[in-house]
Amino acid sequence: MFVDVHAHLDDEAFDSDREEVLEKIKEAGIMVINAGSDIASSQMSVKLAKEHDLIYACVGVHPHDAQNVQKDYIKELEELAKNSKVVGIGEIGLDYYYDLSDRETQKRIFIEQLDLAKSLNLPVVIHDRDAHQDTLDILKDSRPAKGLMHCYSGSLEMAQELIRLGFYFSFGGVITFKNAKKPKEVASKLPLERILLETDCPYLSPEPYRGKRNDPTRIPVIAKTLAELRGITVDEIKDITFANLRCLGGL
Ligand code: NI
């Protein structure tokens, strides 16, 4: 089975036709892990997972929203994580490209959620944009049980360190872009048993749909590119990535 390990089906981009998109996903038989980005979207993520068999949820606060958290947000996330379809804490991390929250706040909120994940024994889903060194330092310090680097944009060297920490890596539409030399190279060289597929929808549609709204039914398009990069078949990619998900998340 194909799995989209990182989607935002709660995004307002799906407000007008969410049920139709969910029906399409069901017909395509694609499993989806929906990420939370703040408390409201984490609640929505859990709601979607409760209502749809093939949808699972992560709950967490994205670095963009770090400065907006209320005092009791960890309690709220902990409460949400009690649902049996919650499979991880995310997406959490650091974003020094947009810097929408100041960096000290981003770090604090990141670390607090890493602590929560450890206490619940859940994997973490990490967003790292232009913050590679601080992300790595914090993860080395915190040592979460397991985790996923979503839309991985770091180097092969950093990946080796993350593998030692128990991390997996997911790739999406970016590896289909002609100018994405580094992600293509990293995706072609990382150990296959550490790789997963994601859409990050509604963002980052693969070629030839670049710029259009993305959704989980585009996972086979991304799988095709990864299969070409690795010199194996799409079916092999499907089987390997599914097995990897079971190792990561015990689904
Ligand atoms: Ni995302």
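The values are calculated or read from the model by the stated rules, or taken from the named source; none is laboratory data. In this text, all values refer to a predicted model and were calculated from it rather than measured experimentally. Because the Cβ atoms are built from the backbone with ideal geometry, glycine has one as well, and the counts that use them run over all protein chains shown. Remember, those area values only see protein heavy atoms, side chains included, never the ligands or the DNA or RNA. Shrake-Rupley method; radii C 1.70, N 1.55, O 1.52, S 1.80 Å.
Take the chain, mark every one of the trypsin sites (Lys or Arg not before Pro) that falls in a DSSP loop and has at most 11 other Cβ within 10 Å, then report the longest stretch left between them, sites excluded.
In the chain, the maximal stretch lacking such sites is 83-177.
Quick one, what does Rg over Rh come out to for region 191-237 if you take C-alpha atoms and the Kirkwood Rh? Present the calculation step by step, with values, prior to reporting the outcome.
Working: Rg = 11.0 Å, Rh = 11.1 Å.
Ratio value, two decimals: 0.99.
If each residue of separation counts as 0.36 nm, what is the full-extension length gain between ASP137 and ASP17 once their alpha-carbon separation is subtracted?
The span from ASP137 to ASP17 would gain 39.1 nm if fully extended.
Where the accessible area of the chain is counted over protein heavy atoms with a 1.4 Å probe, how much of it, in %, is carbon and sulfur? Write down the numbers at each step before the final one.
Working: 5450 of 11270 Å².
Accessible surface attributable to carbon and sulfur in the chain totals 48 percent.
Over the chain, with a Gaussian network built from C-alpha contacts below 10 Å, which listed residue (VAL221, VAL61, VAL69) shows the highest mean-square fluctuation?
Maximum among the listed residues: VAL69.
Can you tell which of HIS62, HIS52, HIS127 shows the greatest fluctuation in a Gaussian network model of the chain with Cα springs below 10 Å?
HIS52
Please give the contour-minus-distance gain from ALA145 to ASP115: 0.36 nm per residue of separation, less the Cα-Cα distance, rounded to one decimal in nm.
Working it through step by step, the gained length comes to 9.7 nm.
Calculate I(q)/I(0) for region 152-251 by the Debye formula, one identical point scatterer on each C-alpha and no solvent, and give its log10 at q = 0.13, 0.14, 0.17, 0.20 Å⁻¹ to two decimals.
-0.42, -0.49, -0.73, -1.01
Rg and Dmax of region 1-150 over Cα atoms: what are they, in angstrom?
Reported Rg and Dmax, both Å: 14.9, 44.
Using the Cβ atoms and a cut-off under 9 Å, what net charge is assigned to the surroundings of LEU136, where Lys and Arg are +1 and Asp and Glu are -1?
With Lys, Arg at +1 and Asp, Glu at -1, the neighbours total -3.
Top mean-square fluctuation among ILE175, ILE163, ILE126, Gaussian network model of the chain, C-alpha springs under 10 Å?
ILE163
Compute the accessible area per residue over the chain, keeping the other protein chains in place, probe 1.4 Å, unit Å².
Per-residue accessible area for the chain comes out at 45 Å².
Using the Cα atoms of region 1-54 to build a convex hull, what is its mean projected area in square nanometres?
Values: hull surface 13.8 nm².
Taking a quarter of the hull surface, the average projection is 3.4 nm².
Over every pair of different alpha-carbon atoms in region 86-185, take the mean of 1/r and invert it; report that Kirkwood radius in Å.
Taking every pair of different Cα atoms in region 86-185, averaging 1/r and inverting gives 13.8 Å.
Which value in deg cm²/dmol, rounded to the nearest 500, describes the helix-derived mean residue ellipticity at 222 nm for the chain, given -39,500 (n - 2.57) per DSSP H run of n ≥ 4 and division by the residue count?
Value at 222 nm, helices only: -13000 deg cm²/dmol.
Taking the chain on its own, what percent of its Cα-Cα pair distances exceed 24 Å?
For the chain, the share of Cα pairs beyond 24 Å comes to 41 percent.
When only the heavy atoms of the protein chains count and the probe is 1.4 Å, how do LEU162, LEU80, LEU120 rank by accessible area, highest first?
The ordering from most to least exposed comes out as LEU120, LEU80, LEU162.
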